[in-house]
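J.: Mind having a look at this structure? Questions to follow.
The values are calculated or read from the model by the stated rules, or taken from the named source; none is laboratory data. In this text, all values refer to a predicted model and were calculated from it rather than measured experimentally. Virtual Cβ from ideal backbone geometry, glycine too; neighbours counted across all protein chains shown. Accessible surface is based on the protein model in full, side chains and every heavy atom, while ligands, DNA and RNA are left aside. Shrake-Rupley method; radii C 1.70, N 1.55, O 1.52, S 1.80 Å.
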Amino acid sequence: MRWESLFDDMESQLEQELGAEDAQLRAEEERLRLGRLTLRGRLAALSRQTDAASGPLRLELRSGAHVTVRALTFGRDWLAGEIAPAGWPAAGGAQCVIPLASVAGVLLERSAVERSLEEQPAAPARLAERIGLAFVLRDLCRRRAGIEVDCGLRPSGAAWLLHGTIDRVGRDHCDLALHEAGTPRRESLVTGYRIVPFEQIMMVRLSG
């Protein structure tokens, strides 16, 4: 009986040690997974949620402005979607493009924090996910789309909004022909030209 008790004790101790080792291994794997998370990945995880508890993203930009947006597409360094208006989700809002570098914070409920950390099922990479901000702006330039560029705040504290059409796009900047919102890009209506560094762009809204 003493030998049986001894073997029982050994088996119990071994099971405990193996269980502790497995737990430590799982904890280390989870730490490694969390260490590989990116802001883009967590925003994409929140945007893939379809239950009633999820909703549009509430973002604070580096300018201090707050925007609520339903993200529809994620690129390499930007997201595109609809700005959530009053009465959301009954009505769609203006389309926008937000550089991820302009995001100063994401405002979440406690349950949303946990959802943003969930491991997402692997899916084939879409072409849009490899496209950078410059490509998106070049497409807007090609389409001659009227846009509003949110450049944050002026030194006076007033909102710094530029209305116009993109004339050309460089590696880290774009040329904007300034004109009144809602008017076409005609030379007679252009009031000036401005080179806008990408780092100054907080958000781009599409006119109309």
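J.: Taking the range 160-204 on its own, how many of its residues are open to solvent by 10 Å² or more (accessible area, probe 1.4 Å), within 17 Å of D139 (Cβ to Cβ), part of a strand (DSSP E or B) and of a type outside the set (V, I, T)?
T.: Summing the residues that are open to solvent by 10 Å² or more (accessible area, probe 1.4 Å), within 17 Å of D139 (Cβ to Cβ), part of a strand (DSSP E or B) and of a type outside the set (V, I, T) in the range 160-204 gives 4.
J.: Can V136 be described as under 23 Å from the mean Cα position of the chain (by Cα), assigned to a strand (DSSP E or B), closer than 14 Å to F198 by Cα and of a type in the set (A, V, I, L, M)?
T.: no
J.: Write out, first by first residue and then by second, each pair whose Cβ atoms fall under 9 Å of each other, whose residues are 6+ apart or on separate chains, and whose first residue, in the range 34-48, is more than 12 Å from V113 (Cα to Cα) and among the basic types (K, R) while the second is open to solvent by 70 Å² or more (accessible area, probe 1.4 Å) and not in a helix (DSSP H, G or I).
T.: R40/R76
J.: Name the single residue that is farthest from R185 (Cα to Cα) among those in the range 150-165 being of a type outside the set (S, T, Y) and in contact with a Lys or Arg (Cβ under 8 Å, 6 or more places away or on another chain). Give the steps one after another, and end with the answer.
T.: Within the range 150-165, the first condition is being of a type outside the set (S, T, Y), and the residues that meet it are 150-155, 157-164.
Imposing the further condition that a residue be in contact with a Lys or Arg (Cβ under 8 Å, 6 or more places away or on another chain) reduces the set to 150, 152, 160, 162, 164.
On the way: D150: 19, G152: 24, W160: 20, L162: 14, G164: 7 Å.
Among residues in the range 150-165 that are of a type outside the set (S, T, Y) and in contact with a Lys or Arg (Cβ under 8 Å, 6 or more places away or on another chain), the one farthest from R185 (Cα to Cα) is G152.
J.: With over 26 Å from R62 (Cα atoms) and in contact with a strand residue (DSSP E or B) (Cβ under 7 Å, 6 or more places away or on another chain) as the only criterion, which of T191, T165 stands out?
T.: It is T191.
J.: Would you confirm, using the coordinates I've provided, whether E30 is open to solvent by 80 Å² or more (accessible area, probe 1.4 Å), more than 30 Å from F198 (Cβ to Cβ), at pLDDT below 95 and not aromatic (F, W, Y)? Quick ask: steps written out before the conclusion?
T.: Numbers: open to solvent by 80 Å² or more (accessible area, probe 1.4 Å): no; more than 30 Å from F198 (Cβ to Cβ): yes; at pLDDT below 95: yes; not aromatic (F, W, Y): yes.
The answer is no for E30.
J.: Take E129 and tell me if it is surrounded by fewer than 17 Cβ atoms within 10 Å (Cβ to Cβ) and assigned to a helix (DSSP H, G or I). Explain how you work it out, then say what you get.
T.: On the way: surrounded by fewer than 17 Cβ atoms within 10 Å (Cβ to Cβ): yes; assigned to a helix (DSSP H, G or I): yes.
Criteria met by E129.
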